[in-house]
Structure formats: structure tokens, C-alpha cells
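The next block holds one structure in the form of C-alpha cells; read it before the comments.
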């Protein structure tokens with residue numbers, strides 16, 4: 001069929017782009033879009049969640065709290081509390097405990113009963129000794145009468161001198177027998193008294209080594225274990241501190257030197273004392289010398305064998321100086337100066353907080369802080385000139 005003029009149309013198919021010609025351009029567009037999103041997200045998260053190894057490094061220290069005691073310290077040593085007045089109370093005879101009225105922690109006075117031992121056999125011995133004494137006294141009375149009669153008869157020459165001498169001898173023998181019987185009675189009574197064990201000093205029972213019904217013996221050869229004692233008594237009013245000092249430092253100490261005592265079991269409190277004794281011998285193996293420190297302000301919180309720290313103070317320290325408030329010290333390099341003011345950078349969870357402070361005197365690379373901190377805070381210790389408030393940092397030392 002022949003084409004007419006009205007049906008002739010231009011062929012535009014050659015101008016149409018195929019999907020193969022279009023897809024590379026579209027892929028490149030999505031690639032750049034995705035890359036930009038990744039970069040933007042990285043910047044955002046780097047700001048919100050900084051990568052630790054990309055943060056600036058800072059060295060830190062703590063605001064030091066320096067008490068007057070620490071400032072005047074000559075030497076510090078560890079030791080233990082002990083009672084000068086103490087006793088290990090044991091039995092003088094072998095016996096079974098029938099009464100035990102004390103327990104650990106009880107306060108007792110000198111002469112109080114600690115334990116009572118079975119005494120039936122000893123009571124029988126006392127009764128036998130009393131009977132023997134009564135018998136001896138009866139014989140003595142008879143001998144006295146016979147001697148008096150013979151003395152009258154010999155004076156009137158009605159008896160012989162031999163009978164008089166015999167009566168005299170019998171009287172002396174009877175008198176000696178009374179003395180022997182009295183000694184036996186005293187011995188039996190003393191042994192009976194040993195069945196009642198009494199406290200030799202005032203104090204507190206700090207250890208009890210027996211129970212009711214157990215056997216005790218001198219030297220602890222029964223249930224008293226190796227201590228040889230029924231109980232141990234200590235007088236809390238006589239508590240002192242024993243401490244070991246390295247023999248190289250003993251020359252720093254003098255008798256009567258003031259000391260501050262901190263007991264682990266009584267936190268936040270300082271006891272005061274003085275150096276009472278330097279034991280005149282050294283431990284060859286440990287190279288230490290033992291010292292004894294009296295405690296001036298003993299209270300009920302102290303008991304024997306508590307661990308403590310003794311700080312010996314410089315001579316001439318006044319009591320009023322020791323009660324002054326502590327000083328707060330920071331390194332001089334930790335101070336940032338700006339606009340005539342001084343600042344510290346406190347580190348809190350990896351972020352800096354700029355704190356304005358008032359400063360006092362500086363000495364030996366440290367400066368006193370009068371206001372702005374309380375003590376113990378973690379601060380940047382150096383290279384603070386370029387730091388800013390709120391900045392995130394990485395702590396590398398303290």
C-alpha cells in the first residue's frame with residue numbers, strides 16, 4: 001500500500017534512550033548520595049560519641065587534703081594496741097571446773113571470782129586437819145597439867161627430878177605437835193582456797209580458754225590449750241600502742257615526742273599520745289626497734305590488739321596548730337589564669353568542668369586553694385592553657 005501524505009509520521013524511536021544507557025548515571029548519583037550520608041553520619045556521631053583515641057590527652061591529679069598532722073609528720077609506723085596492765089590467770093592446782101561466772105567481755109575488779117574448782121576432797125582434808133589439831137591441843141592441855149603437877153611436887157621434894165624432866169619433855173612435844181597440826185591445817189586451807197580462782201587486777205575478760213566441767217591444771221596441761229590460763233584479763237585504761245620502727249629511722253625519735261594515732265576500727269578520729277619507751281634492743285632479722293606510745297584520750301572504742309597507724313610529730317608543735325582546718329593543695333601547673341581570675345579543670349566522666357578558685361600561698365610546686373573545691377576532686381594537673389569548659393578528654397595518667 002502506498003503511503004499517503006496524511007499518514008506520514010516522523011520516527012522518534014531513534015531518540016529514545018534504553019535502560020542500559022541510563023542505569024550508569026543513576027548508579028553514580030546514588031553512590032554519591034550514599035557516600036555523603038555516611039560522611040555526615042560519621043561527623044555527627046564523632047561529635048556525639050567521640051572516638052577515644054581521637055580525644056585530647058590530659059594528665060590528672062587529686063586535690064590534696066593536707067592536715068596539720070600530716071604537715072608536721074616526722075615518721076609514720078604501724079602497730080597494735082595492747083594493755084600494759086594485763087594478766088593470764090591460771091589455776092594453782094589440778095581440778096574440775098564446777099562454776100564459771102565470767103565470760104569474754106565482762107568487766108571485773110581485783111578479787112572477783114573467775115572460776116571455782118571441785119573441792120570435796122580438799123574440804124575433807126581440811127576437816128581431817130582440824131581434827132588433828134584438836135587432838136594435838138588436847139594432848140598439850142594434858143601435858144601442861146602434868147608438867148604443872150610435877151613442878152609443884154619437885155618444889156616440895158615429893159617427886160624426882162627425872163619425872164619432872166619427863167613431864168617437861170612431854171609438854172614440849174605436845175606443843176610442837178600443836179604447831180605441826182596448825183601448819184597442816186593452814187596448808188589444807190590454802191589448798192582449798194586455790195579452788196576459788198580470783199582476778200588479780202581490774203580489767204576486762206578478753207579471752208576464756210575453758211568451759212564448765214573441764215579440767216584445769218597449772219601450766220595448762222589439760223584443756224587450757226597452750227596458754228596455761230583459764231582467762232586473760234586486760235585493763236583498758238592502760239592501753240598503749242606497740243610499733244616497730246626501722247632501726248635506720250630510730251634516731252629521729254625522742255622520748256616524750258608527740259604522736260597522732262589512727263585506729264583502723266575507729267575511722268575518722270585521731271587519738272593523741274606520746275612516745276613513752278624505746279625498747280633498748282633491736283630485732284636482728286627484721287632490723288626494727290620496738291617503741292611504745294601512750295594514749296592520752298583513751299575511750300571505750302579501744303580494745304587490745306587493734307591495728308593502728310602512729311604518726312610522730314615534730315618537736316614544738318602547739319596543740320592549737322593541730323586543730324586547724326586542713327589545707328587544700330593542687331599543682332601550680334594545674335592553674336589556668338584568664339581575665340585576672342584563676343581556674344581549675346575538674347574531670348567528670350571524661351568531660352572538663354571549669355571551676356573558678358581562690359588561691360593562697362604557693363610552695364614547692366604546689367599552691368593552696370582557699371575556695372572553689374572541697375578536696376579529693378580529680379583535676380587536670382598540667383598543660384591547661386588550651387583547654388575549654390565542657391571539652392571531652394582522654395585521661396592518660398594521674
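Couple of notes before you dig in:
- Region 357-381 and region 286-307 have Cα centres separated by 35 Å.
- Per residue, the convex hull volume that the Cα atoms of region 151-201 enclose (Å³): 82 Å³
- Applying 0.36 nm per residue to the separation of residue 281 and residue 314 and subtracting their alpha-carbon distance, the gain on full extension is 9.5 nm.
- Per the Debye calculation on region 99-151 with a single equal scatterer at every Cα and no solvent contribution, log₁₀ I(q)/I(0) for q = 0.18, 0.21, 0.28 Å⁻¹ amounts to -0.75, -0.84, -1.01.
- For region 235-266 versus region 80-111, the spacing of their alpha-carbon centroids is 28 Å.
- The equivalent ellipsoid of region 119-194 has semi-axes of 36, 9, 6 Å, largest first, where each one is the square root of 5 times an eigenvalue of the Cα gyration tensor.
- Listed peptides 288-295, 268-275, 241-248 by packing density, highest first (mean Cβ within 10 Å): 288-295, 241-248, 268-275
- Maximal additional length on extending the residue 392-residue 249 stretch stands at 46.8 nm, based on 0.36 nm per residue less the C-alpha distance.
Throughout, read-outs are computed from the coordinates displayed, never taken from laboratory work. Quantities reported herein were computed from a predicted structural model and do not represent experimental measurements. As a convention, Cβ positions derive from the backbone with ideal geometry for all residues, glycine included, and neighbour counts pool all protein chains shown.
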